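Novice: Please find one structure pasted underneath; my questions will follow.
The values are calculated or read from the model by the stated rules, or taken from the named source; none is laboratory data. Everything numeric in this text was worked out from a predicted model, so none of it was measured. Because the Cβ atoms are built from the backbone with ideal geometry, glycine has one as well, and the counts that use them run over all protein chains shown.
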Amino acid sequence: MRKLFLLLLIPALVFGQENNLDWILVQMKNNSIESYNILKLYNDLPDELSYTTHDGAEISTKKSSDTYSYLDLSSKESILKSMSVNIHEICHGLTSLYFFKEMKSNYLPHDFKDIRSYFYMSDKINYVSVFKGKVFSSSELANIIPEALVTSRYETYIKGDSSTQVDGIIGLLDEFNAYYHSSKFSFDMLPIYKEMYTNDYLMEWVMDLQSKMTAYHEFDFWIKEYILHAKIYYPELYYEIMKKDSAFQIYKDIRKKYKNLISKYSSVVENERLKMNYYYSTEFWEDDYFRLIKRLSNKKYDFINNLIKS
């Protein structure tokens, strides 16, 4: 009897998980179309991709994960909370894999050692990037960043073994873009938070977003420091970063979209707090935010900020 019960229960669990996935995809299509498109672009890619270079070499790769690998499908609450991580990771996959698809129809001459990427920002803005500069590892910044500005992601992206070590400035931009898109998803889901958490939707929403919003300031700080370091010690790399339609332009576009999102986030939180019928005291920034804001106002970054505006 117990064995029969388990056999009946397993299909029911699978069916429930499929329903939860269908549900979140509908919400994304209605509320967060950029997030939905990231998943669709990745999902539509074949499991194996390849292209032939201008000198006849074939370069191939494979998908390393399923489109929904990072989701907790057990409930609507869990899938809502885990989707931002899923978006972040699939965005990384798209950055590396979609380049192969683009090379099939829009080939760009490049060498094997070049850093090859595809940056999706929206339906209207994306970059097929071949970066030819010899980058330095983000760990070099550890000698520059003062201890007072060691933030929550420092160990992962400055001293860790992520792509920021191998791909330098491009790895930092890849992370910057992934954090933007995961933040955008969570921001767009406010209507769903209101439905699911009627009395404390704002607290749940802010708790999901505060760290990802603070990530904007971390990566803005690190990328600025990377550019300054390259300008002084790696002039050829600095030239590659700053030339037309290269890394600096990608940085400007990600930064603009992320900064606009943060402005909306701050405004929404303030407006929603006024509507609450009870006292709301959750901080909508992490502690790192205040230290980073102070640092980013330093005049040493003025020339970069002026170039961003130009």
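Novice: Can you find even one residue in segment 98-115 that is in contact (Cβ under 8 Å) with a residue 60 or more places away in the chain, surrounded by 19 or more Cβ atoms within 10 Å (Cβ to Cβ) and within 17 Å of Glu240 (Cβ to Cβ)?
Specialist: Checking segment 98-115: not a single residue is in contact (Cβ under 8 Å) with a residue 60 or more places away in the chain, surrounded by 19 or more Cβ atoms within 10 Å (Cβ to Cβ) and within 17 Å of Glu240 (Cβ to Cβ).
Novice: Between residues in segment 139-167 that are touching a residue at least 12 places away in the same chain (Cβ under 8 Å) and residues that are of a type in the set (Gly, Ala, Ser) and outside any helix (DSSP H, G or I), which pairs lie under 7 Å by C-beta distance while being six or more apart or on different chains?
Specialist: Gln165/Ser137
Novice: Within segment 11-39, how many residues are at pLDDT 95 or above and touching a Ser or Thr at 6+ places or on another chain (Cβ under 7 Å)?
Specialist: Going through segment 11-39 one residue at a time, the tally reaches 3.
Novice: Of all residues in segment 143-161, which are surrounded by fewer than 19 Cβ atoms within 10 Å (Cβ to Cβ) and in a loop (DSSP other than H, G, I, E, B)?
Specialist: Those that are surrounded by fewer than 19 Cβ atoms within 10 Å (Cβ to Cβ) and in a loop (DSSP other than H, G, I, E, B): Ile144, Ile145, Pro146, Val150, Ser152, Lys159, Gly160, Asp161.
Novice: Is segment 53-67 home to any residue that is closer than 30 Å to Gln210 by Cβ and charged (D, E, K, R)?
Specialist: yes
Novice: Going residue by residue through segment 73-89, is there one that turns out to be within 19 Å of Ile250 (Cβ to Cβ) and either at pLDDT below 90 or in contact with a Ser or Thr (Cβ under 9 Å, 6 or more places away or on another chain) (or both)?
Specialist: Yes, segment 73-89 contains at least one residue that is within 19 Å of Ile250 (Cβ to Cβ) and either at pLDDT below 90 or in contact with a Ser or Thr (Cβ under 9 Å, 6 or more places away or on another chain) (or both).
Novice: Next question, about the same structure. Do we find that Ile125 is closer than 27 Å to Tyr68 by Cα and modelled with pLDDT under 95 in this structure?
Specialist: Numbers: closer than 27 Å to Tyr68 by Cα: yes; modelled with pLDDT under 95: yes.
Here the answer is yes, as Ile125 does meet what is asked.
Novice: Quick check: is even one residue across segment 184-194 in a loop (DSSP other than H, G, I, E, B) and either touching a helix residue (DSSP H, G or I) at 6+ places or on another chain (Cβ under 7 Å) or surrounded by fewer than 23 Cβ atoms within 10 Å (Cβ to Cβ) (or both)? Reasoning before the result, please.
Specialist: To start, the set of residues in segment 184-194 that are in a loop (DSSP other than H, G, I, E, B) comprises 189.
Restricting the remaining residues to those that are either touching a helix residue (DSSP H, G or I) at 6+ places or on another chain (Cβ under 7 Å) or surrounded by fewer than 23 Cβ atoms within 10 Å (Cβ to Cβ) (or both) gives 189.
Checking segment 184-194: at least one residue is in a loop (DSSP other than H, G, I, E, B) and either touching a helix residue (DSSP H, G or I) at 6+ places or on another chain (Cβ under 7 Å) or surrounded by fewer than 23 Cβ atoms within 10 Å (Cβ to Cβ) (or both).
Novice: For the condition within 27 Å of Val130 (Cβ to Cβ) and within 25 Å of the chain's Cα centre (by Cα), what is the one hit in Phe248, Phe290, Phe303?
Specialist: From the options Phe248, Phe290, Phe303, the qualifying one is Phe248.
Novice: Something else about it: (1) crowded, with 19+ Cβ neighbours inside 10 Å; (2) over 24 Å from Leu209 (Cα atoms): which one isn't true of Ser139, the others all being true?
Specialist: Answer for Ser139: the failing condition is (1).
Novice: Just one of the numbered conditions (1) modelled with pLDDT under 95; (2) part of a helix (DSSP H, G or I); (3) surrounded by fewer than 17 Cβ atoms within 10 Å (Cβ to Cβ) is not true of Lys231; which one?
Specialist: Every condition holds for Lys231 apart from (1).
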